[in-house]
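Encoded as structure tokens, the structure appears first; notes follow it.
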């Protein structure tokens, strides 16, 4: 059993377009699970950037975070830390929190 898994991927900088259907609609969000559904991992984080934003996927064993509310709170705490980093590191803030 692994204690923690952390994975980060740089995703596309520009929004992707759907090819099927010919409408050219943009993909508004992207998600992934980097191996967190296999094996026994206590706590797993996956970060993926996409079109100026960031997606955090968190998986946890119930012995660590017992329910979805606990996982959501952890993600909020992580985002609060990113906000603090963006205030002290302008380049970081421009890349992740572009408004």
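None of the figures in this text is laboratory data; all of them are computed from the coordinates on show. Every value quoted in this text rests on a predicted model; they were computed, and no experiment measured them. Cβ coordinates were reconstructed from backbone atoms using ideal geometry, including for glycine residues, and neighbour counts include every protein chain displayed.
Give segment 41-73 a look and list any residue that's within 23 Å of residue 17 (Cβ to Cβ) and either in contact with a strand residue (DSSP E or B) (Cβ under 8 Å, 6 or more places away or on another chain) or assigned to a strand (DSSP E or B) (or both), or say none.
Passing the criteria: 48, 49, 50, 53, 54, 55.
What pairs come up if the first residue lies in segment 57-86 and is at negative phi and without any contact (Cβ under 8 Å) to a residue 12 or more places away in the chain, the second is surrounded by 12 or more Cβ atoms within 10 Å (Cβ to Cβ) and part of a helix (DSSP H, G or I), and their beta carbons are under 6 Å apart, counting only those six or more places apart or on different chains?
85/92; 86/92; 86/93
Search segment 73-87 for residues being exposed (fewer than 15 other Cβ atoms within 10 Å of the Cβ) and more than 12 Å from the chain's Cα centre (by Cα), and hand back the single one that is nearest to residue 61 (Cα to Cα).
So, considering only residues that are exposed (fewer than 15 other Cβ atoms within 10 Å of the Cβ) and more than 12 Å from the chain's Cα centre (by Cα), the one nearest to residue 61 (Cα to Cα) is 73.
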